[in-house]
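Taking it in order: structure first as structure tokens, then the write-up.
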Amino acid sequence: MRTMAIGGAAWKRITLRRTLLHLVIVWLLFMLLYPLGMTIWGSFKSELGFQYSRWYPTLPLAWGNYKTVFPMVWRYIVNTVFVAFVGTTGNLIISSLSAFTFARMKFPLKEFIYTAVIALMMIPGVLSLVPTFMLYKGLGVFDTYAVLILPIIVSGPIFGTFLLRGFFEGIPEEIFEAARMDGATEFKIYRLMCLPMSIPILGTLAIMTIMNTWNDILWPMVTIKDESLLTVSAGLLVRFTTLVGSNYQNQFAGYMMASVPLILLFVYANKYYIEGMAGSSVKL
């Protein structure tokens, strides 16, 4: 009987701990999702409705908010799509070529050079902000798309090389040996074998690059003075600070409109993103 009592008490303690853990998880989930929900329903409120019922959804929906902010937002979205597309394309090309070189080719000091490149990942970007600013200012590319695209192509391949090298090294060597016996050059092996097999991991890297470009606010703010060239995060900050003021429902509508391309990207590329992350984790 005493053993059963002790067992019952232990079971009650376990149940209590699980209940507390579940409550904490639910609370954290609420704290994570509630701001998103408030942004969604806040974007459909009128100015008067937002003042009196900002914390919960109400009817009717004020679709006019989106019509108001669309002329403010569309230019920034187009800029960001262009910058992200060109920068991501360059990043993928350089990252895949570098990763293939480090993974499948032999040359002096290969590991030393690779270690030096990967060591750059340990340096916070803010430490190189001023020198990078001076470099691009000296190149005379301020207030152009080039100042937004070049850092993606130059800095992005550091992480991309690290991510793709582990994937390329996991491909069986026998495949490459068979291709070499058939007379394939190294570039042909890279183009016709490595790239098709690495589409999931390339998709993962592309999504990461696009998201970083979409969310970047500091670099466009310090290098672009022409407001018509700003990307979406910096553009929304400037436009809503100077024009919209405290009109939160219009700001929320602008944020939601700016998020639509990312949502569509996630819906379309979610499969490749998960496959790429799973594949890279196994290879690494």
Checklist outcome for this item: For Val86, the lone unmet condition from (1) open to solvent by less than 30 Å² (accessible area, probe 1.4 Å); (2) at pLDDT 90 or above is (1)
Checklist entry - With Val83, Val126, Val154 as the choices, which residue is more than 30 Å from Glu173 (Cβ to Cβ) and touching a residue at least 40 places away in the same chain (Cβ under 8 Å)? => result Val83
Checklist entry - In region 179-200, which residues are closer than 16 Å to Thr161 by Cα and hydroxyl-bearing (Ser, Thr, Tyr)? => result Tyr190, Ser198
Checklist entry - Limited to region 93-110, what total is found for residues that are closer than 16 Å to Thr185 by Cα and of a type in the set (Ser, Thr, Tyr)? => result 1
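Would region 199-208 turn up any residue that is touching a residue at least 60 places away in the same chain (Cβ under 8 Å), surrounded by fewer than 18 Cβ atoms within 10 Å (Cβ to Cβ) and within 20 Å of the chain's Cα centre (by Cα)? Let's see the steps before the verdict.
Keep residues of region 199-208 that are touching a residue at least 60 places away in the same chain (Cβ under 8 Å), which gives 199-207.
Still in the running and surrounded by fewer than 18 Cβ atoms within 10 Å (Cβ to Cβ): 199.
Filter again for within 20 Å of the chain's Cα centre (by Cα), leaving 199.
Within region 199-208, one or more residues are touching a residue at least 60 places away in the same chain (Cβ under 8 Å), surrounded by fewer than 18 Cβ atoms within 10 Å (Cβ to Cβ) and within 20 Å of the chain's Cα centre (by Cα).
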Checklist entry - Does Pro220 satisfy the criteria of being within 30 Å of Leu163 (Cα to Cα), open to solvent by less than 10 Å² (accessible area, probe 1.4 Å), touching a residue at least 40 places away in the same chain (Cβ under 8 Å) and not charged (D, E, K, R)? => result yes
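Just for region 98-120: of the residues that are without any contact (Cβ under 8 Å) to a residue 40 or more places away in the chain and not aliphatic (A, V, I, L, M), which one is most open to solvent (accessible area, probe 1.4 Å)? I'd like the intermediate steps shown before the answer.
Initial filter on region 98-120 (without any contact (Cβ under 8 Å) to a residue 40 or more places away in the chain): 101, 106-113, 115-116, 119-120.
Of the ones still in play, those that are also not aliphatic (A, V, I, L, M) are 101, 106-108, 110-112, 115.
On the way: Thr101: 47, Lys106: 196, Phe107: 71, Pro108: 109, Lys110: 39, Glu111: 94, Phe112: 141, Thr115: 85 Å².
Per the criteria, the residue is Lys106.
The values are calculated or read from the model by the stated rules, or taken from the named source; none is laboratory data. Since this is a predicted model, take the numbers as computed values, not measurements. Note that we place each Cβ from the backbone using ideal geometry, even for glycine, and neighbour counts take in every protein chain shown. Accessible surface areas use protein heavy atoms only, side chains included; no ligands, DNA or RNA. Shrake-Rupley method; radii C 1.70, N 1.55, O 1.52, S 1.80 Å.
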